[in-house]
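Working notes for the structure below.
The values are calculated or read from the model by the stated rules, or taken from the named source; none is laboratory data. Note that this is a predicted model, so its numbers are computed, not measured. Cβ coordinates were reconstructed from backbone atoms using ideal geometry, including for glycine residues, and neighbour counts include every protein chain displayed. Quick note on the areas: whole protein, heavy atoms, side chains included, nothing else; ligands and nucleic acids left out. Shrake-Rupley method; radii C 1.70, N 1.55, O 1.52, S 1.80 Å.
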Amino acid sequence: MIPPQFDYYRPQTLSEALAILSEYQEDAKVLAGGQSLISVLKLRLANPRCLVDLGQLEGLRYIREEADGSIAIGAMTTYAEIRASQLLQSKCPLLPQTAAVIGDVQVRNRGTIGGSMAHADPAGDMPAAVLALGADLKAVGPQGERWMKAEEFFQGLYATQLRADEVLTEIRLPATTGRKTAYRKAARRPSDFAIVGVAVSLKTAPDGSCQDLAVAVTGVSDRPYRATALETKLKGTRLTPQQIAEAAPAITAGMDVNANIHASAEFRAHLARVYFTRTLSAAQ
C-alpha cells in the first residue's frame, strides 16, 4: 500500500525539529531509521499530517564513555554501529550481542537504538537489553531536557513516556564490567521479531551465589518488562539447575501473556521459561 499524504521536514538542528513537533503535536511522527515507521505508514496504521526526519542530526549519533564510567549512546546510532563498537564490546557487551540478532544487514544499517526505544514494539529486541542494563533515557523538549528510567519508560503497546513535542536524544547505561550478560530469543527466523526474548545481566559473589540479577523480557506481553519476581527469587541463591527450574515460572508473574498466530499464551509462557534458562546459562 501507499501511505497517505503528509508534510515532510528534514531539520538541520534539534531546536528546529522541536519547533516543528511543537507546532504539529500529536499529528507529527518522528522518523529515525524508518525500519518500523515506514511499514506502519504503508499499512496505514498511522496517518500523521507531518513527518520529521532526524537523519541530518549527526550530533545524535555517537558512542562514548563518560567521566563516571557510564556509556552514552546517541539516539540516532545504528544497530550496525552498536554491534561494531569496541567500547561496547569491552564494557557493555550485551548491546552488541543483541544488535547482532536484530533483523538483517539492511535493518541493522538503517535502524537506530532511539527509534527502537521510541517505537516500543512489544516484540523488539533492543528494549529488553536496555531494560536489563538499567539504562536512563534522555528526552529534550520545549521545556528542556529530562531523564527517565528504562523500567518506567515503556507504558504499554507502542506507548512510552515520550511527549508529542519531545525527541529522545540519548541512552545512558552503566558499564557492565564484572557482570556477565546474554540475550537469547525464540523467533520463526533469525531475522524476525522475538516470539520471546530474554536479556540477562548477572553478578555473582565470590562464593558463586547470585549477588545481583536483572532479567528483561520481550515478546511476552504488551510491553518489554523486568521480571522482578524472578529476580527476587534468585538473588542470594546458588544458581543450581534445580533452583533455576523452580524460579523460572516467575518470569511471567503478574503479566498478561500474549496469544496470537505464532504462539498461544501457554506456549509463549513455556518459551519464556525455557529461554530464561538458556540465557542465564549463557551468561554464567
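How much of the accessible area of the chain, probe 1.4 Å, is carbon plus sulfur, in whole percent? List each step's numbers first, then the result.
On the way: 6380 of 13100 Å².
Within the chain, the accessible surface is 49 percent carbon and sulfur.
Note on residue 159 and residue 240: their simple-model spin labels are 4.4 nm apart, each label 7 Å out from Cα toward Cβ.
Can you sort 252, 77 by solvent-accessible area, 1.4 Å probe, largest first?
Values: 252 25, 77 0 Å².
Ranked list, largest accessible area first: 252, 77.
Remark: relative contact order (the chain) = 15 percent; criterion is Cα-Cα distance under 8 angstrom and separation of 6 or more residues.
The helix-only estimate of mean residue ellipticity at 222 nm for the chain, built from DSSP H runs of length n ≥ 4 each weighted as -39500 (n - 2.57), is -8500 deg cm²/dmol after division by the residue total. Each peptide among 20-31, 203-214 gets the average number of other Cβ atoms lying within 10 Å of its residues, and from highest to lowest they stand as 20-31, 203-214.
Counted by Cβ distance under 11 Å from residue 143, the other residues give a net charge of -1, where Lys and Arg count +1 and Asp and Glu count -1. Between residue 212 and residue 58, the FRET efficiency estimated from the beta carbon spacing at R0 = 45 angstrom works out to 0.75. On the beta carbon distance between residue 5 and residue 107, with R0 = 41 Å, the FRET formula returns roughly 0.95. Both numbers refer to the Cα atoms of the range 132-284; Rg and Dmax are 16.5, 53 Å.
Relative to the longest principal axis of the Cα atoms of the chain, helix 265-283 runs at roughly 80 degrees. For the range 51-139, the equivalent ellipsoid derived from the Cα gyration tensor has semi-axes of 18, 16, 14 Å, listed largest first. In this rough spin-label picture, where each label sits 7 Å from Cα along the Cβ direction, the residue 16-residue 180 distance is 5.0 nm. Computed from backbone phi with θ = phi - 60° and the Karplus coefficients 6.51, -1.76 and 1.60, the 3J(HN,Hα) list for the range 205-215 is 7, x, 7, x, 7, 7, 7, 8, 8, 10, 10 Hz; x is used for glycine and proline. Amide H contacts of residue 196 (H built 1.01 Å from N, in plane; Pro and chain starts excluded): 186 sit under 5 Å, all sequence-distant by 5 or more or on other chains. For the chain, a simple Cβ point-charge model (Lys and Arg +1, Asp and Glu -1, everything else neutral) yields a dipole of about 960 debye relative to the Cα centre. For the peptides 240-246, 33-39, 85-91, 98-104, the ranking by mean Cβ contacts within 10 Å, running from highest to lowest, is 98-104, 33-39, 85-91, 240-246. The Cβ shell under 14 Å around residue 28 holds other residues with a net charge of -4, Lys and Arg each +1, Asp and Glu each -1. Using a Cα-Cα cut-off of under 20 Å, which lysines could be cross-linked to residue 233, ignoring same-chain neighbours fewer than 8 residues away? Those lysines meeting the cut-off are 180, 203.
Helix 14-24 sits at what angle to the longest principal axis of the chain, using alpha carbons and giving 0 to 90 degrees rounded to 10? Approximately 80 degrees, to the nearest ten.
Taking a sphere under 15 Å around the Cβ of residue 5 and counting the other residues whose Cβ falls inside, with K and R at +1 and D and E at -1, yields a net charge of +2.
Sorting the segments 256-263, 141-148, 116-123 by their mean number of nearby beta carbons within 10 angstrom, highest to lowest, gives 116-123, 256-263, 141-148.
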